[in-house]
């Protein structure tokens, strides 16, 4: 079939337009991060900038230790790493059980997984909050993490992924004298690496960016996570905006770098469960 | 001796092929019971109670009778439904058409644009909310006011009137999710057999015909999936509004949603009974949508094979 240069030009022009609209808010934020927050408060968020006076002072201020930004950053980092680690291990475990075994109650149990997947957490946020109080986990990192250690979406993905692996591997493991759990740790875990990468990134982003639940569980400034901390700066008092703008940029940068390096896994993770099968 | 024997017996039991699957799915079953089932039961019970610690009393349907006719609740429900319907109407056709355009054989730099349009999905609702709140700031110098100023309009106080509030919310939604939905459609398109398009071309079918009679019907599973996540995402919307208005408050409740109402009753006013009743209403809506979906498409059930 012939290629038409006119069509190509039109398509590319369209997508350049879409790219500009996509990048515009990020560019606005970045430009704003190069000037004092006072100016933003007075003039609003726009592209007017005196490049001679642009500087990285606001970023330096983030690192200076004169504010809570880095405490929040570390809190978020700890919560994300622990939660993602637990979620990956436990969910892959469950997914393996569903993919490799036939057992009584399997269909019913899987229906329950789908049920939890279908009900937004917001529905049960209030009883969940009361439960966390009763467990004595309110105002702790464990309180943020505990309801998210087994993720139905991840179970679904791991099950789907594992059903593509022949059961002969399991039988061979049994013949070689592996226990049922040995088969999982020695044979299956290495085979699941790509699935771990995709889901690690999917869940990592969800955890790093989570806002509503951490906001409810924590009510002490030194314990909040990054998104909750940034939200608390929205009122333009004092030097709030200095931290807010540079801090927002600095919250995206690590994810952006990871995205550039591991694009494939990001896309696989985000679109998981979508269309396969 | 005795205990050793017992231990060996129990480990034999745990390691048997019959028991292993239950050990594997135990983490899910435990968290399901502890967090999900317990919460749902707790919520349903509380919705029939006047909740006051140990002195909670059952008051029948009073919570429902109070909240259902409440004008603010009805507004919040309407807002959530409106947001859901419009965001579905925007977030299905636009990403679909863009995916087809990007997938076109005339297009160049596909991978580059695909990745670029995905970037907003990396930002949290907080960071994107900060950007949009400030972009649509009421100052004369804020970006959107400058932009409409070029056409001689404004400056507007964007957060005051319903129309402009909805513009911000839908713009934010489209900015964040167009790239993701487009990605779903792109991977759906990969699975359509190209022979279909070739034979259609031989039969003399035009671009629009192939789009209508091949692409759209064969992308139906993708559309169902995107529709499902959009409905639940839309009905659960809260954080976006919370960020735009810097709190669960908006002039005349223009930005109050169902979850916002639940949050207000349960967390801000401490009226747990009424908040639970709202939760139950929300749950019923979710279940009804699910049942309807299952009847029409068999959404997830069909993935079994």
Tell me the Kirkwood hydrodynamic radius of the stretch B:190-287 in angstroms, computed as one over the mean inverse distance between distinct C-alpha pairs.
-> 17.0 Å
What do you get for Rg/Rh over the stretch A:162-277 if you use C-alpha atoms and the Kirkwood form of Rh?
-> 1.18
Counting only other chains, what is the mean number of Cβ atoms within 10 angstrom of the Cβ of each residue in peptide A:88-96?
-> 3
Among A:122, B:140, what is the fewest-to-most ranking by other Cβ atoms within 10 Å?
-> B:140, A:122
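How high is the relative contact order of chain B? Use alpha-carbon pairs under 8 Å, at least six apart in sequence, and give a whole percent. Mind dumping the intermediate values first?
On the way: 279 pairs, mean separation 83.5, N = 305.
Relative contact order of chain B: 27 percent.
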If you wrap a convex hull around the Cα atoms of the stretch B:25-97, how much volume per residue is inside, in Å³?
-> 143 Å³
Relative to the compact-globule scaling 2.2 N^0.38 Å, provide the ratio for the alpha-carbon radius of gyration of chain A.
-> 1.26
Using Cα pairs under 8 angstrom and six or more residues apart, how large is the relative contact order of the stretch A:5-63, in percent?
-> 32 percent
Distribution of pairwise C-alpha distances over the stretch A:69-232, 10 Å bins, in % | 10, 33, 31, 18, 8, 1
Radius of gyration, Dmax [the protein assembly as shown; alpha carbons; angstrom] = 25.6, 92
Just how far, in whole angstrom, is the stretch B:132-170 from the stretch B:278-296 if you go by their alpha carbon centroids?
-> 36 Å
Of A:22-28, A:181-187, A:246-252, A:171-177, ordering from highest average Cβ density within 10 Å down gives A:246-252, A:22-28, A:181-187, A:171-177
Taking every residue of B:244-255, the Cβ atoms of other protein chains inside 10 Å of its Cβ average out to 1
Take the Cα atoms of the stretch A:1-144, find their three principal axes, and give me the spread along each one in whole Å, biggest first.
-> 69, 64, 26
Inter-chain shielding of B:95-105 (mean C-beta neighbours from other protein chains, 10 Å cut-off) = 2
Using only Cα positions of chain B, each an equal point scatterer, no hydration layer, compute I(q)/I(0) via Debye at q = 0.07, 0.10, 0.12 Å⁻¹ and quote the log10 values to two decimals.
-> -0.43, -0.80, -1.01
Taking square-rooted eigenvalues a ≥ b ≥ c of the alpha carbon gyration tensor, is the stretch B:93-237 rounded, prolate or oblate, where a/c under 1.5 means rounded and, failing that, a/b exceeding b/c means prolate?
-> prolate
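Cα convex hull of the stretch B:34-173: how many Å³ per residue?
Value for the stretch B:34-173: 216 Å³ per residue.
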Sorted on mean Cβ neighbours within 10 Å (highest first), peptides A:214-226, A:39-51 come out as A:214-226, A:39-51
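If you take the alpha carbon radius of gyration of the stretch B:55-137 and divide it by 2.2 N^0.38 Å, what ratio comes out, to two decimals? Intermediate results must be reported in sequence, preceding the final value.
Values: Rg = 21.6 Å, N = 83, 2.2 N^0.38 = 11.8 Å.
Computed over Cα atoms of the stretch B:55-137, the ratio equals 1.83.
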Could you work out the mean projected area of the convex hull around the alpha carbons of the stretch A:79-166, in square nanometres to one decimal?
-> 6.6 nm²
So if R0 is 45 Å, what FRET efficiency would residue B:203 and residue A:171 give, r being the distance between their Cβ atoms, rounded to the nearest 0.05?
-> 0.35
Ratio of Rg to Rh over the stretch A:146-191 (Cα coordinates, Kirkwood Rh, two decimals) | 1.07
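Each reported figure results from applying straightforward, stated rules to the coordinates on display, with no laboratory input. Since this is a predicted model, take the numbers as computed values, not measurements. Quick reminder, even Gly has a Cβ in these numbers, built from the backbone with ideal geometry, and neighbours come from all protein chains shown.
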